[in-house]
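Visitor: First the structure, which I've put down as structure tokens, then a few questions once you've had a look.
The values are calculated or read from the model by the stated rules, or taken from the named source; none is laboratory data. Note that this is a predicted model, so its numbers are computed, not measured. Backbone-built Cβ (ideal geometry, glycine too); neighbour counts: all protein chains shown. Remember, those area values only see protein heavy atoms, side chains included, never the ligands or the DNA or RNA. Shrake-Rupley method; radii C 1.70, N 1.55, O 1.52, S 1.80 Å.
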Amino acid sequence: MQLKEFKLEDIIAEEDVVVTISHAGFIKRFPVSGYRRQGRGGKGVTGAGTREEDFIEHMFVASTHHYIMFFTDRGKCYWLKVHEIPEGGRATKGRSILNLIEKDKEENITDLFPSRNLQTIIYCDGNRTGNIKKTVLSAYSNIRKGGIIAISLAAGDRLIEAKLSEGQNI
């Protein structure tokens with residue numbers, strides 16, 4: 001009898017969750033099944049809680065087995081499995097991203113996106129020099145907790161955006 005290799009994802013149920021990230025850097029996940037369709041003339045319910053000065057900046061649906069890729073203005077890339085994000089109620093603010101990935105406090109997240117596999121292509125765009133780097137997403141698959149350099153930037157330069165592509169458009 002041959003033993004099969006066992007991964008943590010094998011015991012985590014795959015389900016769709018809503019991931020919210022606030023402007024102040026708080027992140028949480030909540031099962032899609034916790035939301036319901038509002039009837040006509042309904043009052044509605046709170047979808048996400050934030051502090052008074054904060055607001056929801058990113059909100060998307062992903063599977064618990066997806067990756068979330070974070071790209072910072074310093075040209076670094078971090079990734080996190082969706083199931084590693086703490087689950088919170090609709091009204092909770094979530095947990096600081098600084099507690100989940102090891103980015104500097106001065107680093108700002110410029111782009112992020114969920115990815116099922118690491119086979120698509122990504123474009124990184126620096127601002128002053130106008131450099132665009134096209135990379136297969138699998139190049140970021142062996143990432144470290146401290147991140148990986150997605151694009152080398154000149155002193156004082158910042159990453160403007162990172163976008164997914166199928167390779168034909170830039």
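Visitor: Which residues, counting only those in the range 143-159, are in contact (Cβ under 8 Å) with a residue 24 or more places away in the chain and surrounded by fewer than 17 Cβ atoms within 10 Å (Cβ to Cβ)?
Guide: Matches in the range 143-159: 145, 146, 148, 149, 152, 154, 156, 158.
Visitor: On the given criteria, is residue 128 open to solvent by 30 Å² or more (accessible area, probe 1.4 Å) and at pLDDT 75 or above? Full working, then the answer.
Guide: Details: open to solvent by 30 Å² or more (accessible area, probe 1.4 Å): yes; at pLDDT 75 or above: no.
For residue 128, the condition - open to solvent by 30 Å² or more (accessible area, probe 1.4 Å) and at pLDDT 75 or above - is not met.
Rundown of residues vs (1) at pLDDT 80 or above; (2) more than 19 Å from residue 19 (Cβ to Cβ); (3) among the β-branched types (Val, Ile, Thr), yes/no style:
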position	(1), (2), (3)
66	yes, no, no
72	yes, no, yes
102	yes, yes, no
124	no, yes, no
